[in-house]
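Step one of this worksheet: look at the structure below.
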Amino acid sequence: MTTAPERPGELHAHDVEAIDELRGVYRRLQQELGRIIVGQHDVIEQLAICLFARGHSLLMGVPGLAKTLLVSRLAETMSLRFSRIQFTPDLMPMDITGTEILQEGSTGKREFEFVRGPVFANIVLADEINRAPSKTQAAMLEAMQEHKVTVVGHTYQLHPPFFVLATQNPIEQEGTYPLPEAQLDRFMFLIELDYPARDEEIMIARTTTGVSLPVLSEILDGERVLTFQDLVRRVPVPDHIYEFAVDLTRRTRPKSSEAPNWLRPLVGWGAGPRAVQYLVLGAKARAALSGSYMVRLEDVMAVAEPVLTHRVITTFAAESEGISSRDVVRRLVEELSAQ
């Protein structure tokens, strides 16, 4: 029988040891990925936060920034089933979820048998998700939200851990199907990849134009991932951190009395309650990965941009002034943290 902590908000001794273990695992993960991925330290951290917080990520970046390579090699460091789905305009929902086919059984009787689609994996890369039509996107997003798929009236559960990483290119948007805001909200993080620094680009040229890339070591298995995901949920959060997350989210809503005057003409729609949940969960995961036994204000501030950027919808007035959702979120964080 497990004994309760002596004071509210305290971790058990075995949880403290587990956080130390998680920090060590995360460092090894960074080292392994660093053998192939040059730079992108913030991106790797955000992917790890999402994984251990049981969230999903949307990766945005121009072609050639190693989005697909990063995800596939992340899966390589874990003994988990990895699946890649290339989204195209002719992709159908059954191409993702699977379908029933008519088979002849051992008794000679013909019966329907369900053939599982590529979504039945632990880590799923949905490559260029905006190139598939809405009904196909919806099938993928239902699996993300419900952790199950429904085919011909039958429901099939997806085995945990289940982690979806979708990619989009910010260019070549003609003929694509951009994800609507309600579907973007299902992603915990919007992770934006930028061009590498000059020194990093020189290193890329050196390491990727020679012999084949190294094979990475397996660091985690599914059982340990689930254990660490449960651990993240138990990281204590002080009351003022909850208040900060709620106040920050409410300030993004232009019709709210808490919204600053400068924001109202720039934002058409703000973040919903799901953003508060992801701010807290992201802060918990970041605290645990850094070896902290309690969430700090800096943890919430660090995850604010990837959580809120795709949930803050700017107006034409903001676009005409060159103000992005990220600019709005940064200013809100700076103002609230200074109070």
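The values are calculated or read from the model by the stated rules, or taken from the named source; none is laboratory data. Please read these numbers as outputs of a predicted model, since none were measured by experiment. No Cβ is skipped: glycine too gets one built from the backbone with ideal geometry, and neighbour counts run over all protein chains shown.
Residues that are charged (D, E, K, R) and within 26 Å of TYR26 (Cα to Cα) within segment 224-265 comprise ARG224, ASP230, ARG233, ARG234, listed in sequence order.
Among residues of segment 233-261 being among the hydrophobic types (A, V, I, L, M, F, W, C) and touching a residue at least 40 places away in the same chain (Cβ under 8 Å), the one that is farthest from ARG311 (Cα to Cα) is VAL235. When LYS109, LYS135 are checked against the criterion of being surrounded by fewer than 14 Cβ atoms within 10 Å (Cβ to Cβ) and not assigned by TED's automatic domain parsing to the domain that holds GLN40, LYS109 stands alone in meeting it. Among the residues making up segment 191-224, those that are in contact with a helix residue (DSSP H, G or I) (Cβ under 7 Å, 6 or more places away or on another chain) and among the aliphatic types (A, V, I, L, M) are ILE191, LEU193, LEU216, ILE219, LEU220. Among the residues of segment 142-169, those that are in contact (Cβ under 8 Å) with a residue 12 or more places away in the chain and of a type in the set (Gly, Ala, Ser) comprise ALA143, ALA166. Candidates are the residues of segment 61-88 that are buried (at least 18 other Cβ atoms within 10 Å of the Cβ) and within 15 Å of the chain's Cα centre (by Cα); the one that is farthest from VAL215 (Cα to Cα) is GLY61.
The single condition from (1) out of contact with any Gly (no Cβ under 6 Å at 6 or more places or on another chain); (2) in contact (Cβ under 8 Å) with a residue 40 or more places away in the chain; (3) among the hydroxyl-bearing types (Ser, Thr, Tyr) that SER324 fails is (2).
Remark: ARG23 falls outside the filter, which requires a residue to be touching a helix residue (DSSP H, G or I) at 6+ places or on another chain (Cβ under 8 Å), assigned by TED's automatic domain parsing to the domain that holds GLU223, assigned to a loop (DSSP other than H, G, I, E, B) and modelled with pLDDT of 85 or more. The residues on offer are ARG253, ARG326, and the sole one that is part of a loop (DSSP other than H, G, I, E, B) and not assigned by TED's automatic domain parsing to the domain that holds HIS14 is ARG253.
Can you spot a residue in segment 50-65 that is farther than 23 Å from VAL303 by Cα and not in a loop (DSSP other than H, G, I, E, B)? Within segment 50-65 (the criterion being farther than 23 Å from VAL303 by Cα and not in a loop (DSSP other than H, G, I, E, B)), the answer is no, since none of the residues qualifies.
Residues are listed down the side, and each one gets a yes or a no for (1) in the same structural domain as SER324 (by TED's automatic domain parsing); (2) in a strand (DSSP E or B); (3) of a type in the set (Asp, Glu):
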residue	(1), (2), (3)
GLN183	no, no, no
ILE191	no, yes, no
ILE204	no, no, no
VAL225	no, no, no
ASP247	yes, no, yes
